[in-house]
Every structure is written in structure tokens, then in C-alpha cells.
């Protein structure tokens, strides 16, 4: 045996084994190749028949416009991406799922994906996320869907280096508890606008990324009503990109638009129910530059070659935030072919012509990806501004007989309205302003200023000095409710009730404006209000807004002009934002039930003035002014007319006029004494009112005494 040869073979095998070991180690240690989300998707993403009818390797040819969004989403300078989209464009599978998959496998991160409700998050997990994990080997190797170790569940997936958490936007703990590098918001128009008094859920979610310099926020969804759409509001902040598609005939590019769709209507065609003479089966798309008719196959081919032929995404505004508009004309799916869309349009138009706009609204939102504008349902701000009347702030014109104050509580200020009421619920705005100081701590900050404001006396046109007779304060915010309850307990008096108020969880108007508050049970103080010994008045806000604003033509008290029952008046010097805030909400069909309308705030508008006015309508009923008889109003008017005689010569009561309080200025900078009324026509002599012989004064006093809340 040749021992030299044997030793040489042994050394050779050892060297080969060592080289193989180093190769394996280097393969594990070397950084992965640089991949964008779009490239990662092509390399690793597999579609299963659980999540798509297009089983197999993912291809951007199915949704050509989405590739550009995916490329931008992980650009080094991108921190936020917004997509306003229609349905049937592949956004959830092509963007949301791929962003999550990329940050599980290639760039492990903490991911929070937020859905309108927890059930929607569960549906996404079972229908999209879990099938994707099972189908993609690189994801399957990192997440064991069968294991419940480390707290894994349907809505919580742990993997090496990160966590994917699916949440509903209506839970404060879900939207506030986890810091994340990636935050995804699905269908922002359906997201909670106020998470149990703690603020807008989208804003709360955006706070989760502050600790990550390289974070990504992805917001995408279908729009709803103009000026009330959250995704529309987000798009206003972006560079507003549109996908340009070249014509195969002339080569010019344009944005695919519904106005370029033609539905033939031959004069000699057969008349069909719903469609008339329109032949939706023959509908076609036309190039706006050269007039060439496109077949659906040509439209799809043009979409797929757009980026290679001078088309693709083009920004139309200057912003660091990329925003993308997607409509169903950019889809390649069979149900998005032009004849199918034409049929949907004609069916929606037929219903619209019959007085039912819901299907047309759905077509506008879900097919064209644009907002629906509700017209003629609220007056314009300028119309209300032109109706302002010539009386000063902190004064009451003739007809106003009782004054109430209402307060909306924010963390950094108190918004205050003072309304004077007369017969038939006619109301005059006496003051609108804000007290800027912290509100979380009781008996401090803005609460001290509020005490002084409520002690002000208001000059009546007769010369009388009126006091504020009732106060309603919002207590819906859990962070400020302790301070509110403390103020209520301290200042509630028999001759001036101070009430804690909260809006009902009712968007459609089933709850009455006023219902008797529940008394505090000393043996069961399970709520925060009860522990403070306070009863909370539940306000039927939807019904009150129906009364104040209305939502059909000619409805709503804000439209009523002149003097008389139900009229609303405001003074010329009122802060200009009063009009915008009073008209800050619109009533639109519910996304979940289009046959039902619900009040929604207009985006980018504050609504404190409207909330305070709603509380004022509630107070009018809580003080039983709506039940007063004419004789009792006569007595109230007589008391006001007689007041100047009783106070004549009392210099401490009246003081010279103070200027109107400017925006964001404390009301306490104005005079704390009574403000002079404007010059007006001579006041007629007071007419002494005698009780009628048949009236029962004692029973009337009992009937019309204010409601007792404690």
C-alpha cells in the first residue's frame, strides 16, 4: 500500500471539506443581494388558489400600474405612500401583501397593519396573509402558522427579527401600544375618527413610527364623500401621481378616464328596460388624441408597455409624499373590461334617475376611485356670514330671555359658546371663543378662566343684566373627564345647573336629543362619572344635527331666515371660523349599509362650534324651555324688562363695551363686566303680566323647573 498516496487523498478530502464549510459560512454571513419590493415579489412571491384565481408566480403584468408603487414604497427617501383607489385593481394582494412579505423575509421589521374593525383584520389574515405565508417558502420557513409559541395567533405573527400585528382601528390599545417601522392603514375612510375620545386612529397610528428613522407608512383605500373622505384628505398632501398610458396608434400618452368611454345608442336600436337603446355590450374606449378605438385587449397591452414607452406614473404636484390615483380602467381583470363597466354604469344611472343614488355613488367610489359630491344639502359659509346681525358680542337682542353656555373640551383648550334662547327655541349666539390653557388637571389652567367667564353678566337690549342660567360641558374624552367631573361637582347649583354631557354612540339618529340622565347609584359606582358622584347626560347628537343642519333640501334650522321659532342668529363680529365649524359635518350613506345615512366630519375641519351648538339644543330641553307655556314666557319677558329698574344706579353691574375677542385669545382679556348693548330703537314700556285666574302657579313651577341631575 502506498502510504504517501493515502495521506495525500486524506489531505485533499480535508481541504475540500474545509472549503465547503467556509462556503456555507460565507453564504450565511454575506449580505443578501439588494432587492426592491418589486424585485423581491418577482423572485419569491407565489400565489396560491386560496388567495387568487391566478395561481403560480406573481407577475406585474397582471397589474402593471402597481409595480411603480412597489418601487417607490422602499425608496430610501420614502417615508409615506398614499393610494386612492377603486376596487378590483389588485392593491391588497399586489401592494399590501408584498410589503408585509418583504419586511418579514428580506428586511425583518415590526409591522402594524390596521383595518377598520378587528373582524376585517381577521378576514385579511385568513384570506390573504396566511395563504401567502403557506405558498411562499421563504415566509413559511420564518413563520410557523401551526405554532402558538411566543404569543402567535391569527392577528399576531412573530418571526426572526420582527413581528406582524393586525389590528382594528376602533381599539385604543391596538392603535397606540406598539412602536413599528412599518404601518399600513387599509380603508382609512372606514377607520375610527375618534378612538374612544383619544383622537383620530390614523394620526395615532402614525405616531407609532417616530422611533424609526427609516419608517414606512402606507395608506390606501377607496374614497367616499367629497370633503369627508380620509384618503382624499391624505392625497391632498401628496404629489398626486397619475398613470399615463400610450396609444398604440399615435403614441401619445394620457390618463385613462371614463369620459373617453362610449356606449353606443343607435336610434333604431331595440329599447330595453334599464338600458334603453344603449348597447353596453358594444362599449369601447377611444384615444382622446387621435380618436382610435381601443379594444380591451389593446387597452391591456398598452397598460403593460406604458413604462417602457414613455408613460407610467407622473406627478402633478410638488410634495415629498408620493400619492397614486388608481381606477378600474387600469385593471386587466375580466370583470373590469369596458362592456362590464358600461353595464354597471347604466344600471346605476337607471336607479339614480328613479331617485336612488346609492349605486351611482358606489360606481363613482369603487369603479372610478373618486369621491362623490353631495350638493345643495348645506348652505355655503358665505350665506351664513351674510346673515350676521348687528349686535355686539356679549349682548342679547330683544326676544332673547335665557342664556346658556356650552363647552367642548380639548386637551389644550376649552371651546365655548354662549347662546341666548327665546320663545319657540329661537336662539342668538352671544359668544364664541376658546380658552387656551391645559385642561387635564382639575381646578387649574383653562378651568379657572372658565369659572370667570361663566360669572360674566350679559347686557340685554332692555338694559337688563342677564346671568348664564345653565352650563353643559363635554366629558367624552377619557383623558380630561376627571377634570370635567370635578368642575361639574364644584359649580353645580340649584339656580345654575352645570351638566356633564356625552354624545350618544349613534350615527343615524335613533337616540332622542334629550333623555333623562341616569341617577348615580351610591351602591354601584362602577363608572368614572359615578365615582365622582356625577350623572352624565347622553346627547342624541345625530338627531340634534338633523335639526340644526338638516340633510335634505330646505331642511335644517341654519337655513331659516328672519325672526321666529327655530331661527338661529349670530353677530357680525363673531370669529370667522364659527361658520366653517358649524358646517363641519355632512350626512352621507353608510359604507356598510348604503340605505342608512350617518353624520361624518368633513376632513381637515374642526367641529367644536357645531358640538357646542348641539349641546345648547340639548340644554334647552334639559331646562324644559321647550315645555314653557306662553304665559310663562310672558312672565320671563316681564322679569327681564323690570330688571333695569331694580338695578338702576348700581354702577358695579354695568361697564363700557369691550372689543370682540380675536381668534385664539382668551375671553378674559375682554372686560369681565357687562358689555354695553348696541344702540337700538327705544324699548317699549314694560307691560305688567298678571297670572290668569285659572293658572296653577305651583304646578307650573314644578313642571318647568330644571331637570335635577343629582
Peptide ranges 473-479, 428-434, 381-387 listed from the most packed, as the mean C-beta count within 10 angstrom indicates: 428-434, 473-479, 381-387
Rounded tilt (10° steps) of 338-353 against the dominant C-alpha axis of the chain: 10
Sequence ranges 33-41, 489-497, ranked by mean other-Cβ count within 10 angstrom, highest first: 33-41, 489-497
Angle between the chain longest axis and helix 64-73 axis [Cα atoms, degrees, rounded to 10]: 70
Kirkwood Rh, Cα atoms: Rg over Rh of segment 37-235: 0.94
Förster-model FRET efficiency, 56 Å R0, residue 18 and residue 592, C-beta, rounded to 0.05: 0.30
Order by protection proxy (mean Cβ within 10 Å, highest first), peptides 281-290, 449-458, 558-567: 449-458, 281-290, 558-567
Simple label model, 7 Å out from Cα along Cβ direction - residue 9 to residue 50, nm: 5.1
Ranked 143, 448, criterion: other C-beta atoms within 10 Å, fewest first: 448, 143
Nearest-ten-degree value, helix 608-622 long axis tilted from longest Cα axis of the chain: 50
Computed lengthening from residue 626 to residue 354, 0.36 nm per intervening residue step minus Cα-Cα distance: 94.0 nm
Spin-label zone in segment 68-88 - amide nitrogen under 11 Å from a point set 7 Å from the Cα of residue 320 along the C-beta vector: 77-80
Gain on full stretching of the segment that runs from residue 270 to residue 572 - 0.36 nm per residue minus C-alpha separation: 102.6 nm
Average projected area [Cα convex hull, segment 158-234], square nanometres: 5.5
Stretchable slack from residue 260 to residue 381, in nm (0.36 nm times residue separation minus alpha-carbon distance): 40.0 nm
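Computed from the coordinates by the stated procedures, all read-outs in this text should not be read as laboratory data. Because the structure is predicted, anything quoted here is derived from the model rather than measured. Positions of Cβ are backbone-derived with ideal geometry, glycine not excepted, and every protein chain shown enters the neighbour counts.
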